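Reading through the structure tokens given below for one structure.
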Amino acid sequence: MGKFELYSIDLKNLTPGIHEFDYVLENKFFVDIDGDLVQKGKIKAHIRVKKSSLMSEINFHCEGVVMIPCDRCLDDMEQPIDTDNRLIVKFGEEYAEESDEILIIPEEEGKLNIAWFLYEFIALAIPIKHVHAPGNCNKAMSAKLSKHRARSIEDEDGLADWEDDEPQDDNRPIDPRWEALRNLVENDNN
């Protein structure tokens, strides 16, 4: 039996109607799948298959926590996951992806292994920017970063913008292309 045989759904032999499957994805799953983004976590996945004579609609609900590196200090941090996704599976001659949600699988095979889909849906639920809550970053790394970065200025939302420590020379010549754009913006504001 392969590593991911547990995640194989025999769509061809399912009776028409609704079928439900539950999985708990833990560290071993993430290590075995060998994805780039997630190596640790604990996710509960609820799969609901609505089988009809023409197609199968598979709804995925994944909820739990994955461990990913913080963008600031690189220490592992918990990232909550709560995502719902859908996949439409039809039978055909050979495997094909018609779109992000529509998949064709060979009718003679009739099985779909959902392991990689589970991983992808979890990975896509992770925000682009993932950082610890304020004050929870690794203190030693934060201290090293602050020595080498520009000065921080916090806006109204408490989010930091950065500006150089060196004063700006307002008498510097401006590239004529930028000056033309500035004039366009000023004309629109008037």
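So what is the accessible area of the chain per residue, in Å², with the probe set to 1.4 Å? Please report the intermediate quantities before stating the final value.
Values: 13440 Å² over 190 residues.
Value returned for the chain: 71 Å² of accessible area per residue.
Given a Förster radius of 30 Å and the C-beta distance between Glu57 and Leu37 as r, what FRET efficiency does 1/(1 + (r/R0)^6) yield to the nearest 0.05? All intermediate terms of the calculation are to be shown ahead of the outcome.
Numbers: r = 27 Å, r/R0 = 0.90.
For R0 = 30 Å, the calculated efficiency reads 0.65.
I need the fraction of alpha carbon pairs in segment 41-96 separated by more than 17 Å, rounded to a whole percent. Walk me through the numbers before you get to the answer.
Numbers: 867 of 1540 pairs.
Percentage above 17 Å: 56.
In debye, nearest 20, what is the charge dipole magnitude of the chain about its Cα centre with +1 on Lys and Arg Cβ and -1 on Asp and Glu Cβ, if you could check? Please list the in-between numbers first.
On the way: 22 positive and 41 negative charges, 170 e Å.
So the magnitude is around 820 debye.
With θ taken as phi - 60° and the coefficients 6.51, -1.76 and 1.60, list the Karplus ³J(HN,Hα) couplings across segment 74-85 in order, rounded to whole Hz; mark glycine and proline as x.
Computed from phi, the couplings for segment 74-85 are 6, 6, 5, 9, 7, 10, x, 10, 8, 9, 10, 9 Hz.
Taking 8 Å as the Cα distance limit and 6 or more residues as the minimum spacing, I'd like the relative contact order of the chain as a percentage. Don't skip to the answer; put the middle values down first.
Numbers: 295 pairs, mean separation 31.8, N = 190.
With pairs under 8 Å counted, the relative contact order is 17 percent.
Got a number for the accessible area of Ser53? Probe 1.4 Å, square angstrom, nearest 10.
110 Å²
Between Ile128 and Glu101, what is 0.36 nm times their sequence separation minus the Cα-Cα distance? Round to one decimal in nm.
Numbers: separation 27, 0.36 × 27 = 9.72 nm, distance 2.19 nm.
Here the answer is 7.5 nm.
Can you give the helix-only mean residue ellipticity at 222 nm for the chain, where every DSSP H stretch with n ≥ 4 adds -39500 (n - 2.57) and the sum goes over all residues, rounded to the nearest 500 deg cm²/dmol? Could you put the intermediate results ahead of the total?
On the way: 4 runs with 40 residues, N = 190.
Calculated at 222 nm, the ellipticity per residue is -6000 deg cm²/dmol.
How much of the accessible area of the chain, probe 1.4 Å, is carbon plus sulfur, in whole percent? Before the final figure, lay out each step's value.
Working: 6730 of 13440 Å².
The C+S portion of the solvent-accessible surface of the chain is 50 percent.
I'd like the Kirkwood hydrodynamic radius of the chain, using the inverse of the mean 1/r over distinct C-alpha pairs, in Å. Before the final figure, lay out the partial values.
On the way: mean 1/r = 0.0476 Å⁻¹.
About 21.0 Å for the chain.
Hey, could you pull the Cα Rg and Dmax for segment 26-133, both in Å?
Just the Cα atoms of segment 26-133 yield Rg and Dmax of 15.9, 52 Å.
Where Lys and Arg each count +1 and Asp and Glu each count -1, what net charge lies around Glu57 among other residues with Cβ under 10 Å from its Cβ? Don't jump to the answer; show the numbers that get you there.
Values: positive: Arg48, Lys50, Lys51, Arg86; negative: Glu101.
Net charge in that neighbourhood comes out at +3.
The values are calculated or read from the model by the stated rules, or taken from the named source; none is laboratory data. Predicted model, so just to flag it, every value in this text is computed and none were measured. Reconstructed Cβ throughout: ideal geometry from the backbone, glycine too, with neighbour counts over all protein chains shown. Calculation scope for accessible area: heavy atoms of the full protein, side chains included, ligands and nucleic acids excluded. Shrake-Rupley method; radii C 1.70, N 1.55, O 1.52, S 1.80 Å.
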